[in-house]
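K.L.:
Sharing a structure, written as structure tokens. Questions coming.
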Amino acid sequence: MHVKFTLNNKAVSFKIKSNEFLADTLRAHGMLSIRKGCNTSNCGLCTVWIDGKPTLSCSVLAVRAQGKNIVTIEGLQKEAEEFAEILVAEGAEQCGFCSPGFIMTVLAMKNELINPTDEEIVHYLTGNLCRCTGYMGQLRAVKKYLEVVSL
């Protein structure tokens with residue numbers, strides 16, 4: 001079976017298995033930022049945007065991508081680098097394994113929420129697990145990033 005969709009502004013057609021998850025399809029085709037850490041849709045490592053909304057690609061069958069617009073961090077390099085620099089400056093970057101999914105979620109939040117409160121930020125980011133940082137540095141980095149991009 002084949003699935004056709006837009007991946008990072010490029011039309012693609014991939015041969016897939018009927019029970020294949022989007023995370024596996026994307027990794028098999030070079031999107032190495034897509035990671036799977038839990039296989040239970042709880043960690044956020046596999047976050048991509050489907051039609052502009054952050055989505056856990058490990059819980060979406062690849063066939064559901066048909067006709068959709070899929071964006072990975074590879075398609076948002078400039079924005080991702082801007083936020084990653086702030087993450088590092090705030091001491092919120094350690095092993096980096098969770099970073100692609102976390103960054104995808106933060107960039108989606110920036111596009112969706114205007115002047116979010118701390119509580120709104122924490123709520124939006126719930127489900128992005130990090131085993132290294134303790135989250136306070138990440139919250140500082142998100143707040144600083146939102147200040148910088150709103151200038």
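The values are calculated or read from the model by the stated rules, or taken from the named source; none is laboratory data. Please read all numbers here as calculations on a predicted model, not as lab measurements. Glycine gets a Cβ as well: all are built from the backbone with ideal geometry, and neighbour counts include every protein chain shown.
K.L.:
Of everything in the range 32-48, what is modelled with pLDDT of 90 or more and in contact with a helix residue (DSSP H, G or I) (Cβ under 6 Å, 6 or more places away or on another chain)? Give them in sequence order.
P.N.:
The answer is 33, 34, 44, 45, 46, 47, 48.
To keep it simple, each residue is scored yes or no on (1) out of contact with any Ser or Thr (no Cβ under 7 Å at 6 or more places or on another chain); (2) at pLDDT 95 or above; (3) assigned by TED's automatic domain parsing to the domain that holds residue 47; (4) surrounded by fewer than 18 Cβ atoms within 10 Å (Cβ to Cβ).
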{"position": "100", "(1), (2), (3), (4)": "no, no, no, no"}
{"position": "107", "(1), (2), (3), (4)": "yes, yes, no, no"}
{"position": "111", "(1), (2), (3), (4)": "yes, no, no, yes"}
{"position": "122", "(1), (2), (3), (4)": "yes, no, no, yes"}
{"position": "126", "(1), (2), (3), (4)": "yes, no, no, yes"}
{"position": "133", "(1), (2), (3), (4)": "yes, no, no, no"}
{"position": "136", "(1), (2), (3), (4)": "yes, no, no, yes"}
{"position": "140", "(1), (2), (3), (4)": "yes, no, no, yes"}
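K.L.:
Here is a check on your reading of the model: is residue 4 in a helix (DSSP H, G or I) and either among the small types (Gly, Ala, Ser) or at negative phi (or both)?
P.N.:
Considered against the rule, which asks whether it is in a helix (DSSP H, G or I) and either among the small types (Gly, Ala, Ser) or at negative phi (or both), residue 4 comes out as no.
K.L.:
Does residue 97 qualify as being touching a residue at least 40 places away in the same chain (Cβ under 8 Å), part of a helix (DSSP H, G or I) and either under 16 Å from residue 44 (Cα atoms) or touching a helix residue (DSSP H, G or I) at 6+ places or on another chain (Cβ under 9 Å) (or both)?
P.N.:
no
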